[in-house]
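The values are calculated or read from the model by the stated rules, or taken from the named source; none is laboratory data. Keep in mind it's a predicted model, so treat the numbers as computed, not measured. Counting neighbours? That spans all protein chains shown, and the Cβs are built from the backbone with ideal geometry, glycine included. These area figures cover heavy atoms from the full protein model, side chains too; ligands, DNA and RNA do not enter into them. Shrake-Rupley method; radii C 1.70, N 1.55, O 1.52, S 1.80 Å.
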Amino acid sequence: RPQPCRTPNQNAEKGPYMTEPTAFRTTRRATLLMGVAGLATLAAPAVHAQATTNVRFTLDWRFEAPSGMFLMALEKGYFRAEGLNVSIDPSSGSREGVTRVASGTYDMGFGDINSMIRFRDENPTVDIKTSMIVYDRPPFAIIGRRSRGITTDLKSLEGKRFGAPAPDAAFAQWPIFRAVNNLNEATMRFENVGFPVREPMLASGEVDAIFGFANSSFINLKARGVPESDIVVLHMYDYGVELYGNGIMASPAFMQANRAAVAAFNRGLVRGIRDTIADQAGAVRLVLARNDVARQETEAERLKMTLDNYVLSPWVRANGIGGIDPARMAKAIDQIGLTFTYRNKPKVEDVFVSGFLPDDAARRLV
């Protein structure tokens, strides 16, 4: 260590020696800063020192407003804080999320639990389960136009023409909706249309109504210039359909080998959902950064509709997000069986496992 100059110093507060030369002061300051940085590294949270678990996650759809809940958890570092390295990919529909996770192509995903229940029965060797419900009420809906004769009276559906994408999870529930409400579809026409042309066909009057997720179809119709007063949304949950909506699924192999990671993902996501509710504009900005054709006004309205109708249901406000009412889930399984012949009808615990949920206090959103 260099020795200070021993010339008498006029500054009594500094003692009998002269202030250190500038070059030495700089060297010592750098050394001290390096020491502080070293201490900071030693004091860093353990999660940065331990190995992280990679999680390949699939959405149920493209990057639109609902994905803001996941992007918020990702961008704020909530998954990283839980020891996870999460990558998020879009998909082309909620049922695709189920098959991606079931096949192991993705470790975890966001998808329709009702499609998952059917998939399990059709593929009995694949023990895929849902570990957390995000949409307590599903956005399954029939969306029509008043100018085409559609009203909230289900009788108005008779004699109408419907755009119905074959892979659509909402259309998959039509047999249940029809059975619960004793509807006769003999006079109705159903056309298999692609997702990209579904709303344009309704907007142009080529069909009278369509099947879809209301938070997509309703918002997309408005964006196409259809007056809100002309749009009728028939949420299936308002007409006796007891089904749950989308939840978090894990591939059987991943769930078995990485139980702690599944629970950690759910904890991080709940924090992201809470922040999304508090900062909806921020969540929308994250979506827009990944979707260059999305519009801020459209996605802001879509996110509000999603949170108000499907995430923050009356049951979730009272009980917290993520869990289920076992009696309602049992009824939902029964309703699926109205139009789907089970090979081996599942029990509630076969399709939903509660052991990966955060504690009750953490799941309270409001």
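Structural remarks
- Angle between the chain longest axis and helix 296-306 axis [Cα atoms, degrees, rounded to 10]: 70 degrees
- Full-stretch length increase - Arg295, Asp279 - with 0.36 nm per residue and alpha-carbon distance subtracted: 4.0 nm
- The residue among Tyr244, Met69, Asn319 whose Cα reaches farthest toward the positive pole of the charge dipole of the chain, with charges on the beta-carbon of Lys, Arg, Asp and Glu, is Met69.
- Nonpolar atom fraction for the range 54-187, defined as the carbon and sulfur part of the 1.4 Å probe accessible area, stands at 45 percent.
- Highest average packing first - 337-344, 155-162, 113-120, 207-214, Cβ atoms within 10 Å: 207-214, 113-120, 155-162, 337-344
- For Leu84, the residues 5 or more places off, or on other chains, whose built amide H falls under 5 Å of its own are Thr53.
- Centroid-to-centroid separation of the range 309-362 and the range 102-128 [C-alpha atoms, Å]: 15 Å
- Evaluated with a Cβ-only charge set (Lys, Arg +1; Asp, Glu -1), the range 289-366 carries a dipole of roughly 180 debye about its Cα centre, given to the nearest 20.
- Reach of Lys160 by Cα under 25 Å, taken over lysines that are not fewer than 8 positions away in the same chain: Lys222
- Whole-angstrom Cα spans of the range 58-214 along principal axes, big to small: 55, 35, 24
- Two-site FRET efficiency, Asp238 against Thr105, from Cβ-Cβ distance with R₀ of 35 Å, rounded to 0.05: 0.50
- Note on the range 61-162: with charges restricted to the Cβ of Lys and Arg (+1) and Asp and Glu (-1), its dipole about the Cα centre is near 600 debye.
- Cα-Cα P(r), the chain, percent of pairs per 20 Å interval: 27, 48, 13, 8, 4, 0
- Accessible area expressed per residue, the chain, with surrounding protein chains retained (probe 1.4 Å, Å²): 46 Å²
- Base-10 log of normalised Debye intensity for the range 225-366 (one unit scatterer per alpha-carbon) at q = 0.13, 0.19 Å⁻¹: -0.78, -1.31
- Distance between the range 179-195 and the range 198-245 - C-alpha centres, whole angstrom: 15 Å
- Cα Rg, Dmax (largest Cα-Cα span) when computed across the range 173-228, Å: 12.6, 34
- Only one residue of Pro175, Gly83, Met255 has its Cα farthest out toward the positive end of the dipole of the chain, where Lys and Arg carry +1 and Asp and Glu -1 on Cβ, and that residue is Gly83.
- Figure legend: label point modelled 7 angstrom from the Cα of Ser87 along Cα→Cβ; residues of the range 94-117 with amide N under 14 Å from it are 105-108.
- The range 295-366 shape via C-alpha gyration tensor axes, a/c threshold 1.5: oblate
- Efficiency of FRET between Lys345 and Asn54 - r from beta-carbon atoms, R0 56 angstrom, step 0.05: 0.95
- Each label point was placed 7 Å from the Cα along the Cα-to-Cβ direction; for Phe195 and Arg364 their separation is 3.8 nm.
- Length released on extending from Asn184 to Asp153, taking residue separation times 0.36 nm less the Cα-Cα span: 9.8 nm
- With helices as the sole contributors, the chain gives -12500 deg cm²/dmol at 222 nm; each DSSP H run of n ≥ 4 counts as -39500 (n - 2.57), and the sum is divided by every residue.
- This model, with +1 at the C-beta of Lys and Arg and -1 at the C-beta of Asp and Glu, gives the chain a dipole about its Cα centre of some 1140 debye.
- Computed Kirkwood radius, in angstrom, where 1/r is averaged over Cα pairs of the range 65-111: 11.5 Å
- Packing, taken as the mean count of other beta carbons within 10 Å per residue, orders the peptides 353-359, 61-67, 237-243 from highest to lowest as 61-67, 237-243, 353-359.
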